[in-house]
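I have placed the structure first, in the form of structure tokens, so that the comments after it can refer back to it.
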Amino acid sequence: MRVKISTLIATLFLIGCGTTLDVMEHYNLYIKTAPPKSRYQKPIKLKIDMPKFLNRENSLKIFYSYSKMTQDAYLNSQWSDNLSKLLYSQIYKYLDMSNRYKAILGYNSSVYEDEILEITVYDISHHIVDGVSEAIFDVKVARVDRDSNRVINSKRFSYHQQTSSVDAKGFVEATNNLLNRFLRDLSREVL
């Protein structure tokens, strides 16, 4: 009996030593180019809401799909924080650096704001269809007057870019390019 238990333990030990675990890669969003500093500062306090996702969960998962009917998440790659927080932090930093407003306020600020920037995410994911690998970045923003609850300006930004590789790294590189394009366009067209 002892021999069987010893053999079992030794076998499990050897199997465990021979197994390698894949390393989890963590990816980030980042601003590549600082915005131009505005010469004119609006006397407005702008609060940035936390982005809301329409079609799927807000999580650490990096999603990909091979068709419009399927979607899955990479097993060994994920965002460094949930995607909503990553997107929020980059929008906040970009607008704060631009010096366009009297103040940029966080979503949890208790200071009274003049305007609110609402952000709705339709899709940020990796699509691989018919051999073409693309990053999709589809976001809508609305600038809302706090007192009247009236939409001042609203626009949907929908971009796609081919990836340099058919993996999470290629997707994230392309997504960062699209994020930076979105930030420039947001600054020009909505703010």
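What's the number of the only condition in (1) more than 19 Å from residue 119 (Cα to Cα); (2) touching a residue at least 60 places away in the same chain (Cβ under 8 Å) that residue 54 fails to meet? All conditions pass for residue 54, except number (1).
Quick one: which residue in 58, 149, 82, 99 is loosely packed, with under 14 Cβ neighbours inside 10 Å and either within 19 Å of residue 178 (Cα to Cα) or among the polar types (S, T, N, Q) (or both)?
Values: 58 fails: loosely packed, with under 14 Cβ neighbours inside 10 Å; 82 fails: loosely packed, with under 14 Cβ neighbours inside 10 Å; 99 fails: loosely packed, with under 14 Cβ neighbours inside 10 Å.
The conditions single out 149.
Could you grab me the full set of residues in the stretch 147-171 that are without any contact (Cβ under 8 Å) to a residue 40 or more places away in the chain, under 30 Å from residue 77 (Cβ atoms) and in contact with a strand residue (DSSP E or B) (Cβ under 6 Å, 6 or more places away or on another chain)? Within the stretch 147-171, 156, 157, 158, 159, 160, 161, 162, 163, 166 meet the criteria. In the stretch 172-186, the condition of being surrounded by 18 or more Cβ atoms within 10 Å (Cβ to Cβ) and over 16 Å from the mean Cα position of the chain (by Cα) is met by no residue. Name the single residue, out of those in the stretch 155-177 being under 12 Å from residue 132 (Cα atoms) and of a type in the set (Val, Ile, Thr), that is modelled with the highest pLDDT. Checked the stretch 155-177; the qualifying residue modelled with the highest pLDDT is 163.
Residue 174 fails exactly one of the following numbered conditions: (1) assigned to a helix (DSSP H, G or I); (2) out of contact with any strand residue (DSSP E or B) (no Cβ under 6 Å at 6 or more places or on another chain). What is the number of that condition? Failed condition: (2).
Filter the stretch 104-146 down to residues that are in contact (Cβ under 8 Å) with a residue 12 or more places away in the chain and of a type in the set (Ser, Thr, Tyr) and give me whichever is surrounded by the fewest Cβ atoms within 10 Å (Cβ to Cβ). Spell out how you get there, then give the answer.
Filtering the stretch 104-146 down to residues in contact (Cβ under 8 Å) with a residue 12 or more places away in the chain leaves 104-107, 109, 111-129, 132-146.
Adding the requirement that they be of a type in the set (Ser, Thr, Tyr) leaves 107, 109, 112, 120, 122, 125, 133.
Details: 107: 14, 109: 13, 112: 10, 120: 16, 122: 16, 125: 21, 133: 19.
By that ranking, first place goes to 112.
Quick check on residue 159: is it hydroxyl-bearing (Ser, Thr, Tyr), in contact with a helix residue (DSSP H, G or I) (Cβ under 9 Å, 6 or more places away or on another chain) and surrounded by fewer than 20 Cβ atoms within 10 Å (Cβ to Cβ)? Walk me through how you get there before you give the answer.
Values: hydroxyl-bearing (Ser, Thr, Tyr): yes; in contact with a helix residue (DSSP H, G or I) (Cβ under 9 Å, 6 or more places away or on another chain): yes; surrounded by fewer than 20 Cβ atoms within 10 Å (Cβ to Cβ): yes.
Answer is yes for this residue.
Scanning the stretch 51-90 for residues that are touching a Leu at 6+ places or on another chain (Cβ under 9 Å), outside any strand (DSSP E or B) and hydrophobic (A, V, I, L, M, F, W, C) yields 60, 83, 86, 87.
The values are calculated or read from the model by the stated rules, or taken from the named source; none is laboratory data. Computed from a prediction, not measured in an experiment: that's the story for all the values here. Cβ coordinates were reconstructed from backbone atoms using ideal geometry, including for glycine residues, and neighbour counts include every protein chain displayed.
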